[in-house]
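Enquirer: First the structure, then my questions, so here it is.
The values are calculated or read from the model by the stated rules, or taken from the named source; none is laboratory data. Since this is a predicted model, take the numbers as computed values, not measurements. Quick reminder, even Gly has a Cβ in these numbers, built from the backbone with ideal geometry, and neighbours come from all protein chains shown. Protein only, heavy atoms only, side chains kept; ligands, DNA and RNA dropped before computing areas. Shrake-Rupley method; radii C 1.70, N 1.55, O 1.52, S 1.80 Å.
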Amino acid sequence: MSTSTSVPSRLAAEAPRPGPAVRPTRRSFGAWFKDTGWRHLVGLVMTVFALLPLAYVLSAALSPSGTLVASSGLFRDIGFANFQALFSDPQKPFARWFLNTLVIGVVTSVATVFLGALAAYSFSRMRFTGRRMGLLSLLLLQMFPQMLGVVAIFLLLSEISDIVPWLGLGSQLGLIMVYLGGALGVNTYLMYGFFNTVPKTLDEAARIDGAGHFQIFFTIILRLVTPILAIVGLLTFITTTGEFMIASIVLNDPDSQTLAVGLYSFVGDNQSRTWGVFSAGAVLAAVPVMVLFLFLQRYIASGLVAGAVKG
């Protein structure tokens, strides 16, 4: 009885006892900065570099003087006179420009995503004569900037105006067609690479169940490639709303112009440059892009997670 009780006590006595708690050594500032601190410094500098122009434009928009010189002291004087002047000039219909920009941007983005997805699906899933040459042509066309085709675009739309006036110069639909022609090439090639990442076994399983290309494209593929669709739509909308050169050539009527063309009239005249009003218009023009970016950012993240789970 005593032997059985002495064994646990002897084992407990021989068990190692925990030593004193070791305090973690605190690294010096130099070691921390060499390891991770410099990254915080670079991030802070880049953040200031990115936010300073935005703060400068916002300060100019809120400055009652209406000039950029008075904006050297950021947010020294705050007022909304520039925003009131933005909507009070009947010769410069800012609200109309804003609406035109939204319509052209949304229509161009939706059409680019839809047509580009159709073309990318065809190149990725179908085998036909001229497929390789078509892909190569899409790649080679991106070597030439759109600026080289400005004269050709003007002459083409000028000729079309004599036959179909609602599709030629001065028409928003003609501008949308020009945007679609310039954006489909690069976006199709971009989506083509993403479509190739979707396993073809899904298509084969759907065909066994009797599904055709139409059902496979709209019910299976589009759900799996949602991230690239959102990215293409976002980039197309940003490019369309900020484009100036082609829009200034095609749209010659003030009531049909976009924000990029209309806002230039506030600073294009050397005798009456209203930089404060221009800055106010630029601030308002950035709101739709910011809202769309924030919305699609969350949507893209959820789409990537869903695709990873489905594997």
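Enquirer: Which helices (runs of 4 or more DSSP H) does segment 53-142 wholly contain that include 3 or more residues that are under 15 Å from residue 188 (Cβ atoms)?
Expert: 94-125, 131-141
Enquirer: Residue 227: assigned to a helix (DSSP H, G or I) and more than 30 Å from residue 94 (Cβ to Cβ), yes or no?
Expert: yes
Enquirer: Keeping to segment 194-210, report how many residues are surrounded by 13 or more Cβ atoms within 10 Å (Cβ to Cβ) and farther than 18 Å from residue 228 by Cα.
Expert: Number satisfying all stated conditions: 5.
Enquirer: Next question, about the same structure. What is the number of the single condition among (1) farther than 30 Å from residue 228 by Cα; (2) touching a residue at least 60 places away in the same chain (Cβ under 8 Å) that residue 95 does not meet?
Expert: Every listed condition holds for residue 95 apart from (2).
Enquirer: Residues of segment 131-157 being open to solvent by 40 Å² or more (accessible area, probe 1.4 Å) and small (Gly, Ala, Ser), which ones?
Expert: 137, 152
Enquirer: Restricting the search to segment 230-265, which residues are under 30 Å from residue 91 (Cα atoms), open to solvent by less than 30 Å² (accessible area, probe 1.4 Å) and of a type in the set (A, V, I, L, M, F, W, C)?
Expert: Of everything in segment 230-265, those that are under 30 Å from residue 91 (Cα atoms), open to solvent by less than 30 Å² (accessible area, probe 1.4 Å) and of a type in the set (A, V, I, L, M, F, W, C) turn out to be 237, 246, 247, 250, 251, 259, 260, 261, 263.
Enquirer: Which ones in segment 199-210 are part of a loop (DSSP other than H, G, I, E, B) and either over 15 Å from residue 126 (Cα atoms) or charged (D, E, K, R) (or both)?
Expert: Matches in segment 199-210: 209, 210.
Enquirer: Continuing with this model, one more query. Exactly one condition in (1) within 25 Å of residue 238 (Cβ to Cβ); (2) surrounded by 13 or more Cβ atoms within 10 Å (Cβ to Cβ) is not met by residue 79; state its number.
Expert: (1) is the only condition that residue 79 fails.
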